[in-house]
Amino acid sequence: MQVLSFLQWILLLEFIMTLWCIGNFLYTDYNQHAFQVTLKTLSETGTKSESIQEIISFPVPKKSACSCQSLSKGGVQVHQLKDYLPADDLKSASERRKKEYEHYKKREQTNKIILAPSNSPLRYPIHGVQVIPLNTILLPGLQIDAFLPKYTVALEASLGTFDIQVNISGIPGVQINGRGEKHLDIITDDIRVLNLILANTTYTSTLYSIDSLDIVTFSMDRYLAHIPVSIRQPPIVHLHDPGRDGNISSLVTITTKTFLRYDKLRELIKSIRLYYPNIKVIVADDNEKPEKIEDPNVEQYIMPFAKGWFAGRNLAVSQVTTKYFLWVDDDFLFTENTKIEKLVDVLEGTDLDMVGGSVAGSHFSFKLIWEEGDDEGDCLHWQGGGYHPIEGFPNCVLTGGVVNFFLAHTERVLGVGFDPKLYRVAHTEFFIDGLGRLRVGSCSHVTVGHQKKEKPKDENLLKQSQKYDSFRQNTAQQRRTKLALLYFKNWLSCYTRH
């Protein structure tokens, strides 16, 4: 009997819910029909409809393409930069420039406007509204979906002001307060007038900031919405010309750091020249007694003795003028499988900032997993492997860090830099600094060789090798210093390595 009574209650509840859904549907349909009838009535009859027709829209003028022509007067020097390209390369350079710009836009994606669904009477943008500092935009998508005797709508901002781009003079029953101020009130009894005003409401940034966020409140009666408005100065476009011939030397520079092993460096350069005779090689050199590297396409930069690993990396990469640089250790060896072009294809075909290869057939990459902490700092976990495959490149995975054989976007890496405090053994620390700023991939189909580790027969080379080994090993104090740096600089309370 108790089971039967319980089932009866369930059936009754389902019946009530069904009736509620039907009623809600009919009510919504009625409102939509009433709205259509109201629009029809307004368009066909009455003085109010005539007043509405008198509303003149003044949209925010679209910005035209910029021009320097007007600045040529008054002694201002104006250079039309296209005029400075060689006439025989103008067409080709324009095509290369366009291609590079398309690749740039892949990296600097523009936010899309997303409108909130009408789950309340307020309709408004929930993402993607962006304004250049001290400029004006229309606030897109503002609308009220309700029929009321009277409407009182308010907009409020912290970093900007509001105005409307319509003429409401002569329209009865419309009141607007706060034009040009941070708080705007719109009062009317006509839904069409209200939504026309909202569709022409502007936001003006009053703060110059290259990257700020204003949260605009949009309210009516008990309904409240928050609209994020990004105040952002877009970065100036900076493209790299790959050259009219599209040669790899116009796109990539090879960089390395050498210390106490010129014999290894010379073997490396010799192997590079077998496959890339003309590519530029930049060498950061902190040997005590520098030796000149005789090669017309080698730039050798002498540093103070034992200045350090990351200081050398900074110096070498800072002198790169190509879009990408390939980092190699001075004891690596180019082989027939060291195809720089394949790594270029990965960076050109994705939004990655750097991509690593394999060393002597060993494919190595690692993940960096960050966890938010407390007042003591955050936690970071090192794990081998990658996150997931990279679409379109079956031999590559997305990861957090790679080996010392990688191709990288020069400007992106310079934006992170190599901490010169780390002057001995250091590698992972760069990827920690780049976490959340660099997109990293690792591919197994491009390999560089490694010179054989064998005891030198020459006595001088043997002494150099032994001296190198003494610098190569971290002392206990140096290891402590590295971990202390992570604690302070990277706001980490703990670090694990799996």
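The values are calculated or read from the model by the stated rules, or taken from the named source; none is laboratory data. Here the structure is a predicted model, which means the values were calculated and not measured. Cβ atoms come from the backbone with ideal geometry, glycine included; neighbour counts cover every protein chain shown. In case anyone asks, the SASA skips ligands and DNA or RNA and just uses the protein heavy atoms, side chains included. Shrake-Rupley method; radii C 1.70, N 1.55, O 1.52, S 1.80 Å.
Take GLU429 and decide whether it is among the charged types (D, E, K, R), within 29 Å of PRO290 (Cβ to Cβ) and either open to solvent by less than 50 Å² (accessible area, probe 1.4 Å) or at pLDDT 90 or above (or both).
Considered against the rule, which asks whether it is among the charged types (D, E, K, R), within 29 Å of PRO290 (Cβ to Cβ) and either open to solvent by less than 50 Å² (accessible area, probe 1.4 Å) or at pLDDT 90 or above (or both), GLU429 comes out as yes.
Please verify whether ASP163 is in contact with a Ser or Thr (Cβ under 8 Å, 6 or more places away or on another chain), modelled with pLDDT under 95 and among the acidic types (Asp, Glu), treating the condition exactly as stated.
No, not satisfied.
Could you tell me which numbered condition PHE405 fails, if it satisfies all but one of (1) open to solvent by less than 70 Å² (accessible area, probe 1.4 Å); (2) out of contact with any helix residue (DSSP H, G or I) (no Cβ under 8 Å at 6 or more places or on another chain); (3) modelled with pLDDT under 95; (4) not basic (Lys, Arg)?
(3)
Looking at (1) without any contact (Cβ under 8 Å) to a residue 60 or more places away in the chain; (2) of a type outside the set (D, E, K, R); (3) open to solvent by 60 Å² or more (accessible area, probe 1.4 Å); (4) under 20 Å from ASN337 (Cβ atoms), which is the only condition ILE269 fails?
Result: ILE269 passes all but (3).
Among (1) more than 23 Å from LYS421 (Cα to Cα); (2) in contact (Cβ under 8 Å) with a residue 40 or more places away in the chain, there is one condition GLU294 misses while meeting the rest; what is its number?
Of the numbered conditions (1) more than 23 Å from LYS421 (Cα to Cα); (2) in contact (Cβ under 8 Å) with a residue 40 or more places away in the chain, the odd one out for GLU294 is (2).
State whether the residues of the range 225-240 include one that is surrounded by 14 or more Cβ atoms within 10 Å (Cβ to Cβ) and under 30 Å from ASP88 (Cβ atoms).
yes
Being open to solvent by less than 50 Å² (accessible area, probe 1.4 Å) and either in contact (Cβ under 8 Å) with a residue 60 or more places away in the chain or basic (Lys, Arg) (or both) narrows it down to one residue among LYS342, LYS289, LYS307, LYS257; which is it?
LYS257
Could you check how many residues of the range 143-159 are open to solvent by 60 Å² or more (accessible area, probe 1.4 Å) and either within 12 Å of GLY178 (Cβ to Cβ) or of a type in the set (A, V, I, L, M) (or both)?
2
Take the range 432-448 and flag every residue that is in contact with a Leu (Cβ under 9 Å, 6 or more places away or on another chain), open to solvent by 10 Å² or more (accessible area, probe 1.4 Å) and either part of a strand (DSSP E or B) or not aliphatic (A, V, I, L, M) (or both).
ARG439
Can you pull out every residue in the range 360-380 that is without any contact (Cβ under 8 Å) to a residue 60 or more places away in the chain and either under 13 Å from TYR487 (Cβ atoms) or among the basic types (Lys, Arg) (or both)?
Of everything in the range 360-380, just one residue is without any contact (Cβ under 8 Å) to a residue 60 or more places away in the chain and either under 13 Å from TYR487 (Cβ atoms) or among the basic types (Lys, Arg) (or both), namely LYS367.
Test PHE162 against the stated conditions and say whether it is among the hydrophobic types (A, V, I, L, M, F, W, C) and either under 25 Å from the mean Cα position of the chain (by Cα) or loosely packed, with under 15 Cβ neighbours inside 10 Å (or both).
no
Check LEU368 against each of (1) surrounded by 17 or more Cβ atoms within 10 Å (Cβ to Cβ); (2) modelled with pLDDT of 95 or more; (3) more than 30 Å from LYS98 (Cβ to Cβ) and name the one condition it does not meet.
(2)
Please go through the range 188-224 and pick out each residue that is open to solvent by 10 Å² or more (accessible area, probe 1.4 Å), hydroxyl-bearing (Ser, Thr, Tyr) and in a strand (DSSP E or B).
Once the filter is applied, which keeps residues that are open to solvent by 10 Å² or more (accessible area, probe 1.4 Å), hydroxyl-bearing (Ser, Thr, Tyr) and in a strand (DSSP E or B), the range 188-224 yields THR204, SER212, THR217, SER219, TYR223.
With the range 242-329 as the region, which strands (runs of 3 or more DSSP E) entirely inside it contain at least 3 residues that are modelled with pLDDT under 95?
Counting at least 3 such residues, we get no strands (runs of 3 or more DSSP E) at all.
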